[in-house]
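The next block holds one structure in the form of structure tokens; read it before the comments.
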Amino acid sequence: MEGKINMRLLLIGLISMVLTAGMSLFVFHHVFDGQIKKDMAISANLLAQAYPSLESPKGLDAFQDNGLRITLISADGEVLYESLADSSSMDNHLARPEIADALAHGQGEAVRTSGTLGYNTYYYALRLDDGNVLRISMQTATLYAAWDNIVPVIILIGFAVLLLSVLVSVLLTKQLVRPIEAMAEHLDDIDTNIPYKELAPFALAIKQQQNKKEENERMRQEFTANVSHELKTPLTSISGYAEMIENGMARDEDIKDFAGKIHNEAGRLITLIGDIIKLSELDEPGEREFGPVDLYELALGNMELLSFNADKENIALSLDGQKAMVWGDSGMLSELIYNLMDNAIRYNVTGGQVHVEVKPLEKSVMLTVSDTGIGIPPEHQDRIFERFYRVDKSRSKETGGTGLGLAIVKHIAIQHHAKITVKSQQGKGTRIVVEFPGEGAARQA
Ligand code: ADP
């Protein structure tokens, strides 16, 4: 991590160094070029002022400067004087752009690359009063002599910048990474130890995860304690009855009764363990094999399954609605409907009613289970979906409840992206609505 930041900062330093060097070279070159051209124009004008007082073109020899070449050309292009070469051997200059320009407009300039040396030559030409053209020229070989001195300085500055950026990057990286390391050392109070605000979301996310983990751990411990307790009660009574039979303490006519009680308690244990297994399966992460499921069909099946229990208490079961497709697991969804209907029957009154409605809406499917039973006091309504939470423990146990039915319902609803709402009035009844996304919407989710 530290190395990565370091490398990046270094890269930025390197790039800015190369850019700075390149740009300053470009600017220097440009300024220098302009200066040379200006200087040449000044020299040419000075020469032109001295020119009328010369006796012959040969007199221009006196103005030869090192590197400055002077040429005098007649109006028809013939070279009259040349400071470096023999003027008579030179061809007609009329076609040269700077000469042509000077003849036409009074002055002209040009830059040409000499093929052999690769250097540029600057030309500046000026038309004189007598019609001849005075041209001076200079090779960049000479020009760059001065410029060459600048290059090492720029390179030196570049290296200094590079060195500085190495230093700064090392320091900056340390400064960036140290607080993060400090945070990692104090993960427990990470949210009170945020070194700079950019790290706040990171610290908060870690804190939230910690809280979630703690909460999960607490819930698991609570669940284990509850399960142990729930298992212990029926086992204790099973053990008690069995012991009495074993010791001959049970009268003959009691034995059948005791066996019935043992059977009953064992049945309760099996139901409880079945519910625990269902919950732990629902807890398991992983992809479910979902498909299209008709809730109405499931409700119909569960009606038949539960009609015997309802009849015992003279409770009227009714179903209303039509085919309503959702996307899900039919086993799970059937379990959800069963648990809700089972509760509606178990927490009902003799001669009461249970009404189930399955309604496909535009984008959702509503499942409503309502009863005319004992109802749930408002202060308990939020908690009935917790594991082992019961409003009236003895009634729950009497009717074969495990305290896990609604916890299973809640889990299944979550996995199907369904929303549960409870409406209940004590002594009047309860209505539980589960709203599923419609098959199409759920398939996309
Ligand atoms: P149980 O196995 O005890 O029925 P559940 O998880 O199914 O456990 O329900 C939790 C508690 O919620 C029940 O013990 C009961 O007190 C209350 N409850 C659930 N459904 C109803 C209902 N339809 N009417 C009244 N109370 C209900």
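If each residue of separation counts as 0.36 nm, what is the full-extension length gain between D252 and L94 once their alpha-carbon separation is subtracted? Don't skip to the end; give the middle numbers.
Working: separation 158, 0.36 × 158 = 56.88 nm, distance 14.40 nm.
Residue separation times 0.36 nm, minus the Cα-Cα distance, leaves 42.5 nm.
For the chain, find the longest principal axis of its Cα atoms and tell me its angle to the long axis of helix 295-312, 0 to 90°, nearest 10.
For helix 295-312, the angle is close to 20 degrees.
Before rounding to the nearest 500, sum -39500 (n - 2.57) across all DSSP H runs of length at least 4 in the chain and divide by the residue total; then give [θ] at 222 nm in deg cm²/dmol.
Values: 12 runs with 244 residues, N = 445.
After summing the helix terms and dividing by the residues of the chain, the value is -19000 deg cm²/dmol.
At a 1.4 Å probe radius, carbon and sulfur cover how many percent of the accessible area of segment 27-86? Provide the component values of the computation, followed by the final result.
Numbers: 1990 of 3530 Å².
For segment 27-86, the apolar C and S fraction of the accessible surface comes to 56 percent.
When only the heavy atoms of the protein chains count and the probe is 1.4 Å, how do K261, K397, K428 rank by accessible area, highest first? Let's see the in-between values first.
Values: K261 80, K397 50, K428 135 Å².
The residues order as K428, K261, K397, largest area first.
Starting from the Cα of E217, step 7 Å along the direction of its Cβ; do the same at E287; then give the gap between the two resulting points in nm.
Each label point lies 7 Å from its Cα, and together they span 3.3 nm.
Quote to one decimal, in nm, the extra length available between D86 and K397 on full extension: 0.36 nm per residue of separation minus the C-alpha distance between them. Show your work: numbers first, answer last.
On the way: separation 311, 0.36 × 311 = 111.96 nm, distance 12.69 nm.
Fully extending the segment from D86 to K397 adds 99.3 nm.
Any idea what angle helix 330-346 forms with the longest principal axis of the chain, computed on alpha-carbon atoms, 0 to 90 degrees, nearest 10?
It works out to around 40 degrees.
Need the full-extension length gain, L163 to E55, defined as separation in residues times 0.36 nm minus the C-alpha distance. One decimal, nm.
Length gained, L163 through E55: 32.6 nm.
Summarise the accessible area of segment 298-414 (1.4 Å probe, protein heavy atoms) by the percent that is carbon and sulfur. Please report the intermediate quantities before stating the final value.
On the way: 2700 of 5450 Å².
It is 49 percent, rounded to a whole number.
Let me check against my output: what whole-number percent is the relative contact order of segment 63-103, with C-alpha pairs under 8 Å and at least 6 apart? All intermediate terms of the calculation are to be shown ahead of the outcome.
Working: 44 pairs, mean separation 11.8, N = 41.
Reported as a whole number, the value is 29 percent.
List the relative contact order of segment 16-119 as a percent without decimals, with contacts defined as Cα pairs under 8 Å and 6+ residues apart.
On the way: 69 pairs, mean separation 12.0, N = 104.
Computed over segment 16-119, the figure is 11 percent.
Please report the carbon-and-sulfur percent of the accessible area for segment 93-244; probe 1.4 Å, protein heavy atoms only, DNA, RNA and ligands left out.
Solvent-exposed carbon and sulfur of segment 93-244 make up 61 percent of the total.
Between D39 and E78, what's the calculated FRET efficiency when r is the beta-carbon distance and R0 is 35 Å? Round to 0.05.
On the way: r = 28 Å, r/R0 = 0.80.
For R0 = 35 Å, the calculated efficiency reads 0.80.
Calculate, for the chain, the solvent-accessible area per residue in square angstrom, rolling a 1.4 angstrom probe over the heavy atoms of the protein chains.
Numbers: 26750 Å² over 445 residues.
Accessible area per residue, the chain: 60 Å².
Using a 7 Å offset from the Cα along the Cα-to-Cβ direction at both V151 and L14, what is the distance between the two label points in nm, to one decimal?
For V151 paired with L14, the spin-label model returns 2.3 nm.
Enumerate the calculated ³J(HN,Hα) couplings along segment 5-18 in order (Karplus 6.51 cos²θ - 1.76 cosθ + 1.60, θ = phi - 60°), each rounded to whole Hz, writing x wherever the residue is Gly or Pro.
Coupling constants for segment 5-18: 4, 4, 4, 5, 4, 4, 4, 4, x, 4, 4, 5, 5, 4 Hz.
Using only Cα atoms, tell me the angle between helix 405-415 and the longest principal axis of the chain; keep it within 0 to 90° and round to the nearest 10.
20 degrees
Over segment 130-289, what is the mean sequence separation of C-alpha contacts under 8 Å (at least six apart), divided by residue count, expressed as relative contact order in percent? Don't skip to the end; give the middle numbers.
Values: 38 pairs, mean separation 19.0, N = 160.
Relative contact order for segment 130-289 comes out at 12 percent.
Kirkwood Rh, Cα Rg: Rg to Rh for segment 403-445?
Numbers: Rg = 12.8 Å, Rh = 11.7 Å.
Value, to two decimals: 1.09.
The values are calculated or read from the model by the stated rules, or taken from the named source; none is laboratory data. Note that the coordinates shown come from a computational prediction; the quantities given were computed from them, not determined experimentally. When we count neighbours, we look across all protein chains shown, and the Cβ atoms used for this are built from the backbone with ideal geometry, even at glycine. Just so you know, the surface numbers come from the protein's heavy atoms only, side chains and all, with ligands and any DNA or RNA stripped out. Shrake-Rupley method; radii C 1.70, N 1.55, O 1.52, S 1.80 Å.
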